[in-house]
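Down below is the structure, laid out as structure tokens.
We did not get these values from a lab; they are worked out from the coordinates using the rules stated. Since the structure is predicted, the reported quantities are computational estimates derived from the model, not experimental observations. With ideal geometry, Cβ positions are generated from the backbone for all residues, glycine too; neighbour counts draw on all protein chains shown.
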């Protein structure tokens, strides 16, 4: 699901809890900052700029670009579009997708350069599948939020998840939620391990994605003793949660 679809579902009380990019728009959703993701520009191993040092932004301006579908003015990844416009990028946008994995594949295959979250592609950089390009400070920080609708009646499972998740996340700073060495050079970054499951969520893509997500039925929660067990149900949109930018937990019984 796209970030806008997640917010709409929560506003319409069709979902319980969401993790998503979010533009605060007066829709009365409650929210808590979950992750702050720094996006930077990368190219793939087969791109002509791969391995080159001493590059400046001017060296990138004519390069073709691949981008997320929400990388446009007025959408959740608008800061990326603003960056390109302010710096005068003139290359064509040759491909767009809501899928993080698809954008990463296109960048790796040298269709063009593209913006990706640093902490998600750290391993790709370390293994020389991707190459970090200027600017050194990155392009933009994009926030991901935990979202819920305070006017919606939640199931006991949803309420317990929300309470414990909020308390757990609050124990860690934004840097700790991404794991150790977040602000170190990308070549030195390794898989986050300092804060599980928060860092694990960030590493595996729940928090670092382009613009879509995962909807999980509350039937996937373990049943309480004495209740009838339900089979876990995970409903994926065309773009899975590991590809994109959010997830929601919902119960068909709670409206």
Quiz item: Roughly what % of DSSP beta bridges within the stretch 38-141 run antiparallel, to the nearest 5?
Solution: 65 percent
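At 0.36 nm per residue, minus the direct Cα-Cα distance, what do residue 170 and residue 55 gain on full extension? Give it in nm, one decimal, please.
Length difference between fully extended and current span is 37.5 nm.
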Quiz item: Fewest to most neighbouring Cβ within 10 Å: what's the order for 144, 175?
Solution: 175, 144
Quiz item: Under a point spin-label approximation (7 Å from Cα along Cα-to-Cβ), what is the residue 30-residue 72 distance to one decimal in nm?
Solution: 3.4 nm
Practice problem: May I ask you to compute the full-extension gain from residue 86 to residue 101, defined as 0.36 nm times their residue separation minus their alpha-carbon distance, rounded to one decimal in nm? | Solution: 2.7 nm
Quiz item: When 32, 1 are ordered from fewest to most other Cβ atoms inside 10 Å of their Cβ, what list results?
Solution: 32, 1
Quiz item: What is the fewest-to-most order of 6, 41, 142 by other Cβ atoms lying within 10 Å of their Cβ?
Solution: 142, 41, 6
Self-check item: Pairwise label distance in nanometres, residue 38 with residue 123, each label 7 Å out on the Cα-Cβ vector
Solution: 2.1 nm
Quiz prompt | For the stretch 38-141: relative contact order, % (alpha-carbon pairs under 8 angstrom, 6 or more apart) | solution = 50 percent
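Rounded if a/c is under 1.5, else prolate if a/b is larger than b/c, else oblate: which is the stretch 1-102, with a ≥ b ≥ c the root eigenvalues of its Cα gyration tensor?
prolate
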Quiz item: residue 109 versus residue 151, label points 7 Å from Cα toward the beta carbon: distance in nm?
Solution: 4.5 nm
Quiz prompt | Packing rank of 49-58, 145-154, where each peptide gets the mean count of other beta carbons within 10 Å, highest leading | solution = 145-154, 49-58
Quiz item: Peptides 126-136, 71-81: what's the order by average Cβ count within 10 Å, highest mean first?
Solution: 71-81, 126-136
Quiz item: Pulled fully out, how much extra length does the chain show between residue 137 and residue 94, if you take 0.36 nm times their separation in residues and subtract their Cα-Cα distance?
Solution: 13.0 nm
